[in-house]
Amino acid sequence: MVYLDTNVLIYASVEQDIKKKERSLDLLEELINSDQLILSTLVLQEFVFTMAKLKIDSKIIKKDSDFYFDFVTLEYDHVTLRHAIRSCCAKNQCKNINDIIHLHLAQTAKCKKLITYDSDFKKISALSDVKIEIL
């Protein structure tokens, strides 16, 4: 199983960078066709927030979110949040708390890898055995 970070969904959905859009769409298609895609409620929450921040029409946000919801199999709870707070404080990486939650969720789901465009994940890679692939 493969956990995707929010930014992969964003690049797949908007016209910011055509190469990243194509790569993200290809990756999504590959993972969906091989039944390997895992998303979390946090990914979807960040997706909606970022799309709104980019002033994307609410109808598009709803349509895309409805599609991605079929791949949401993970939720984070107070135990995950407590773990993330402890980890970010120990590593002085609290501005990356959402990334730490993503990484923890990927590990909990026994994902082989987490794929992202965010190089900040390098700073927290030691917190998990999940392979982080930065596109």
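Using each residue's phi in segment 57-72, evaluate 6.51 cos²θ - 1.76 cosθ + 1.60 at θ = phi - 60° and report the 3J(HN,Hα) Karplus result to the nearest Hz, with x for Gly and Pro.
Rounded to whole hertz, the list is 4, 4, 5, 5, 4, 4, 4, 5, 4, 4, 5, 5, 4, 5, 10, 7.
Counting helices only, and only those DSSP H runs with n ≥ 4, report the 222 nm mean residue ellipticity of the chain as the sum of -39,500 (n - 2.57) divided by its residues, in deg cm²/dmol to the nearest 500. Numbers along the way, then the final one.
Values: 7 runs with 79 residues, N = 135.
About -18000 deg cm²/dmol.
Going Cα to Cα from Lys123, which lysines come in below 24 Å? Please leave out same-chain ones fewer than 8 positions away.
Lys20, Lys91, Lys95, Lys110, Lys112, Lys113, Lys131
Along segment 84-100, what does the Karplus equation 6.51 cos²θ - 1.76 cosθ + 1.60 (θ = phi - 60°) give for ³J(HN,Hα), rounded to whole Hz, x for Gly and Pro?
Result, rounded to whole Hz: 5, 5, 4, 5, 5, 5, 5, 9, 6, 10, 5, 6, 10, 4, 5, 5, 5.
Count neighbours as other Cβ atoms within 10 Å of each site's Cβ, and list the GluC sites (Glu not before Pro) in segment 26-135 that are DSSP loop with at most 16 such neighbours.
Glu75
List the aspartates and glutamates whose alpha-carbon lies under 17 Å from that of Lys55, not counting same-chain residues fewer than 8 positions away?
Partners found: Glu15, Asp17, Glu46, Asp64.
Could you check the simple spin-label distance between Lys55 and Lys131, using points 7 Å along Cα→Cβ, in nm with one decimal?
In this crude label model, Lys55 to Lys131 measures out at 4.1 nm.
Determine the dipole magnitude for the chain: charges of +1 sit on the beta-carbon of Lys and Arg, -1 on that of Asp and Glu, nothing else is charged, the reference point is the Cα centre, and the result goes in debye to the nearest 20.
520
Every read-out reported here was derived from the displayed coordinates using simple, explicitly stated rules and does not represent laboratory data. None of the values given here were measured: they were computed from a predicted structure. No Cβ is skipped: glycine too gets one built from the backbone with ideal geometry, and neighbour counts run over all protein chains shown.
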